[in-house]
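Beneath this line is the structure, given in structure tokens, with notes to follow.
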Amino acid sequence: MNWKGIAPAITTPFNENLDVDHGFLAEHCRWLLDNGCAGVVALGSLGEGATLSFNEKTDILRTLGKAIDGHGTLVASISSLTTSESVELAKAATDLGCSGLMVLPPYVYLGDWREMKTHISAVFRATPLSCMLYNNPVAYGTDFLPEQIQELASEFENFKAVKESSTDARRVSAIRALVDQRLEISVGVDDAVLEAIGVGATGWVAGLANALPRESVDLFQCGIQGESGKAFEIYRWFLPLLRMDTVPKFVQLIKLVQAEVGMGNTRVRPPRLEMVRGELEQAKSIIREALRSRPESVTSSAIPCRK
């Protein structure tokens, strides 16, 4: 499993009945790969994983596995209310042929380090797959400190990567200082990607890549390759959209960007609701201005989807 490069946290599309639209899910996945993404991360926060049943999650992984067909990586987000269900999902993802797992703390319960380590360890032990730990204290209330990450890395060989979403780029350098090259580090906050690359991140679990994959790949590659001038030109243009990944309605906003580029719809599952009135118009204004003003250095036309 290669944790480097861009893997969008793929959104979950819904039809008019708010059932999972598996046909479009496969189409979207192939389009992302064709436009330079290394793979996809499914069932996460952006994928509205908390609203999906266990069977819906496994069906989504099955659909994505067929769509990818060996041409990229499929990472399953492992999250639930209980350790037992997380372990069960990890085993199911392994059986379904996923490339790796992104392991989250449990929903709702904010335990101490002893409890969180026990939870994460149970998932790591449940699978031979390469695992990424997702650290997002802003969203989940649990903060895995660099020293705790080092402790897990010393005990679990299949712990291979961290998705660092604390919003503090210093965390990337702190982890790197403790574990050196033992773990790959991905940035999970879209509007901190260049900062994280600058201190050692080698991957990006991206949100806006769902709608603008070629532009995201261009930005990431320029950052990794040290083309700072071009990278910042893209970044400056992209930031109004990338910041949509860091607010409470990030799912609604990213799906809105998808709809504006013609790759998806705005349907979300309750308790989320689609945006309306002034909030919607303001978001559309930002999106349309960004799409209108793409800099020349940005690849402006995405490759059409393979049907």
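The values are calculated or read from the model by the stated rules, or taken from the named source; none is laboratory data. Note that the structure is a prediction, hence the values are computed from the model and not measured. Here the Cβ positions follow ideal geometry from the backbone for every residue, glycine too, while neighbour counts run over all protein chains shown. To get the accessible areas, we keep the full protein, side chains included, count just its heavy atoms, and leave off ligands, DNA and RNA. Shrake-Rupley method; radii C 1.70, N 1.55, O 1.52, S 1.80 Å.
Points worth noting:
- Residue order for 119, 22 - accessible surface, 1.4 angstrom probe, largest first: 22, 119
- Each residue of the range 94-104 was assigned a 3J(HN,Hα) from its phi angle through the Karplus curve 6.51 cos²θ - 1.76 cosθ + 1.60 (θ = phi - 60°); the sequence is 5, 5, 7, x, 5, 7, x, 10, 10, 9, 9 Hz, with glycine and proline shown as x.
- Normalised contact order of the range 87-217, rounded percent, pairs of Cα under 8 Å and 6 or more residues apart: 18 percent
- Virtual spin-label span in nm between residue 178 and residue 108, 7 Å along Cα→Cβ: 3.0 nm
- Heavy-atom surface of the range 121-207, accessible at 1.4 Å and reported per residue (Å²): 36 Å²
- Normalised alpha carbon radius of gyration of the chain [divisor 2.2 N^0.38 Å]: 0.94
- Stokes-Einstein diffusion of the range 141-292 at 10 °C, 1.306 mPa s viscosity, Kirkwood radius from Cα pairs, rounded to a whole number: 95 µm²/s.
- Charge sum, other residues only, whose C-beta stays under 13 Å from residue 187's C-beta, Lys/Arg counted +1 and Asp/Glu -1: -2
- Summary of packing: across the peptides 192-203, 216-227, 167-178, the per-residue average of other C-beta atoms within 10 Å ranks them, highest first, as 192-203, 216-227, 167-178.
- Centre-to-centre, using Cα atoms only, the range 211-266 and the range 164-191 are separated by 20 Å.
- Taking Cβ atoms as reference points and 9 Å as the exclusive limit, the residues near residue 48 contribute a net charge of +2, counting Lys and Arg as +1 and Asp and Glu as -1.
- Over 29 Å between alpha carbons, listed pairs 4/57; 160/284; 4/66; 57/230: 160/284; 57/230
- Net charge contributed by nearby residues that have their C-beta within less than 15 Å of residue 257 (K/R +1, D/E -1): 0
- In terms of the mean number of neighbouring beta-carbon atoms within 10 Å, the peptides 108-115, 39-46 order highest first as 39-46, 108-115.
- Of all accessible heavy-atom area on the chain, the percent that carbon and sulfur account for (1.4 Å): 50 percent
- 222 nm mean residue ellipticity, helices alone, for the chain (DSSP H n ≥ 4; -39,500 (n - 2.57); rounded to 500): -14000 deg cm²/dmol
- Packing-based ranking, highest mean first, of 274-284, 6-16, 231-241, 53-63 given that Cβ atoms within 10 Å are counted: 6-16, 231-241, 53-63, 274-284
- Scalar couplings 3J(HN,Hα) for the range 203-216, obtained by applying the Karplus form with A = 6.51, B = -1.76, C = 1.60 to θ = phi - 60°, are x, 9, 8, 9, x, 5, 4, 4, 10, 10, x, 5, 5, 5 Hz; x denotes Gly and Pro.
- Taking every C-alpha pair closer than 8 Å and separated by at least 6 residues, the mean separation divided by the residue count of the chain gives a relative contact order of 19 percent.
- Solvent-accessible heavy-atom area per residue, rounded to whole Å², over the range 1-74 at 1.4 Å: 35 Å²
- Ratio of Rg to Rh over the range 1-160 (Cα coordinates, Kirkwood Rh, two decimals): 0.96
- Per-residue HN-Hα couplings for the range 81-90 [Karplus 6.51, -1.76, 1.60; θ = phi - 60°; Hz; x = Gly/Pro]: 6, 10, 5, 4, 6, 4, 5, 4, 5, 4
- Prolate/oblate/rounded label for the range 9-87 (Cα gyration tensor, a/c 1.5): oblate
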